[in-house]
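One structure below.
Derivation of every value follows stated rules applied to the coordinates shown; laboratory data play no part. From a predicted model like this one, the values you see are computed outputs, not experimental measurements. Don't worry about glycine lacking a Cβ; one is built from the backbone with ideal geometry, like all the others, and counts go over all protein chains shown.
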Amino acid sequence: MDAGIISSPTSYLKHRLGPLPAERQLGDLEAWWQRSGKVSSATIDRQGTPWLRMFDRFGARVDEILYPPEYWEMLRTGYRAGAVWRAFAEESLLGPYQIGYVTSFFDPGLYCPYIVSLATAVPLFKYAESSVREQFLPFLLRRDDSVWQGATWMTEAGGGSDLGANVETVARRSEGKWLLTGEKYFASNAGADLAVVAARPEGGASGVRGLALFLLPRRKVDGSLNYLIRRLKDKTGTRSVPTGEVELHASEAYLLGDAAKGIYSILEVLNLSRVANSIGSVGLSQRALSEAWTFAEKRIAFGKPIIDQPLLRRQFDARMETLKAAFCLAWECVTLLNQVWRETPPYSERYHLFRLVAHLSKYWTAEVAVDMAEWAMKVHGGMGVLAEYPVERLLREAMVLPIWEGTPHRQILDGLEVMMRKKAHRLLLDYLVERGGEPETLTPLQAVAETWLALEPEAREAEGESYFRALAEQTARTLTLLPR
Ligand SMILES: Cc1cc2nc3c(=O)[nH]c(=O)nc-3n(C[C@H](O)[C@H](O)[C@H](O)COP(=O)(O)OP(=O)(O)OC[C@H]3O[C@@H](n4cnc5c(N)ncnc54)[C@H](O)[C@@H]3O)c2cc1C
């Protein structure tokens, strides 16, 4: 592989996937990033937390998030390219996830607005009453700069892992409307025109079974603000997406689907983002590898470029293989999601297989991204920790990838659950054979799964990480050996 492929996300996509249907558009997007986006992105990162103007001069709440104009141009470039509308125009998620890959190579935080907008559009399309869908969906699918943005707000101050215990937002029925009251503690893409929000209909069951998914517009029917932004968070990275605390005070909302099945829609939303997290992790990993390569080719130590020193060369070769494995796992996840994203409960076996692969991929690719970013920093030596060069930022951007959309523990325990309840590990083995894997090469994978599941319940959970990591890594490495 040459350095040119590693330095270009579109070239790497093409190298791994073959001809891309929207290759020219992806190339245009990448050229825009090289020409203008990189500078805008660095500026926004250096500026830190954007500014929240809460009141106008007459004391009325306005809650405007003030980014420089370059931010809006950067953001809208991806929407115009099709980060959301392509999913519906092409009836396929492949294009939007490819746009996510190119975006993440340059600015992983910016992928967040795109995926949460897509993850708003999908349940709106699938579960809203037709009048609500017709009223709101077209705004999210606009191809010009008037496009609306979405957001996905589940987490509250008590914690995100245990949503069943910690979502205190209540949905009340009043004069034919749903009114939500509560607070969302981590609300990315704050200021969005629409959000999908987890809330508990009054009198509903306790735990996750009592949660439902609602569509929350930015403005009430009378035009006033429907939610308030209490503050924006000061973060180590992902400064290209504003993350705020949001207050809901009898905020008008629309129920999406059957309240009794709300937890399924909430998990569908999370799964769209988990796949994006995988794609974003690999995009960031490619960038880190590319930056390390560029530096190592020019940095001279002991009489030759450091990339030609055997110890470092070996590390580059190993990282290149890891990138390939991470890409294959993340892309397999996109492929499976693309087969099942329109399903509703009760789900097919393919959906359960997708869930397992999504957990494996979210877990492992995020770990790879953090490791790759940290290693790229080390390759740069002291230059790596200087804020003026890109690798310092890559490590800051990578740190959130294992945390949001569910921490490693969540991925492991949810992955275990789908293996226990749906035998998803067997579905995975069958799928790998269907994809061209030799049954005998899958024996180690099978052994890991069966040994893990045979443990006593307490040990199964306590020792889960090493088994899950082995399963993820072996699945990824197996995928690298299969035909495209
Ligand atoms: C920058 C940023 C943006 C975000 N944006 C959004 C957003 O837009 N919408 C949204 O809904 N959320 C958002 N989040 C929240 C994110 O999804 C949560 O941070 C995440 O799900 C973890 O929840 P928590 O932080 O409350 O940690 P907790 O749930 O309190 O967990 C703390 C620790 O305990 C561990 N733990 C919990 N249960 C177990 C267990 N059974 N076994 C072992 N370990 C366990 C966790 O893995 C974690 O390590 C955002 C977070 C960040 C940092």
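The table below lists the values:
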{"quantity": "Across 233/324; 38/362; 378/422; 324/423; 184/378; 177/235, pairs whose alpha-carbon gap is larger than 32 Å", "calculated": "233/324; 378/422; 184/378; 177/235"}
{"quantity": "Positive-end residue of 176, 340, 428, charge dipole of the chain with Cβ unit charges", "calculated": "176"}
{"quantity": "Interatomic Cα distance distribution for the chain, bins of 10 angstrom, percent", "calculated": "4, 20, 30, 27, 14, 4, 1, 0"}
{"quantity": "For the range 346-484: Kirkwood Rh in Å [reciprocal of mean 1/r, alpha carbons]", "calculated": "16.4 Å"}
{"quantity": "Relative contact order computed over the chain (Cα-Cα under 8 Å; 6+ residues apart), in percent", "calculated": "13 percent"}
{"quantity": "Ranked list, fewest to most other Cβ atoms within 10 Å of each Cβ, for 112, 333, 328", "calculated": "328, 333, 112"}
{"quantity": "Helical contribution to [θ] at 222 nm, DSSP H n ≥ 4, -39,500 (n - 2.57), averaged over the chain, rounded to 500", "calculated": "-17500 deg cm²/dmol"}
{"quantity": "The range 78-158 shape via C-alpha gyration tensor axes, a/c threshold 1.5", "calculated": "oblate"}
{"quantity": "Under 9 Å, Cβ to Cβ, from residue 180 - net charge with Lys/Arg +1 and Asp/Glu -1", "calculated": "0"}
{"quantity": "For the range 9-77: relative contact order, % (alpha-carbon pairs under 8 angstrom, 6 or more apart)", "calculated": "24 percent"}
{"quantity": "Exposed chymotrypsin sites (Phe, Trp or Tyr not before Pro) absent: longest stretch of the chain, with sites in DSSP loops and at most 10 other Cβ within 10 Å deemed exposed", "calculated": "59-301"}
{"quantity": "Relative contact order computed over the range 286-397 (Cα-Cα under 8 Å; 6+ residues apart), in percent", "calculated": "30 percent"}
{"quantity": "Antiparallel DSSP beta bridges within the range 152-260, as percent of all bridges there, nearest 5", "calculated": "85 percent"}
{"quantity": "Dipole magnitude of the range 386-483, debye to nearest 20 (Cβ charges: Lys/Arg +1, Asp/Glu -1, about Cα centre)", "calculated": "220 debye"}
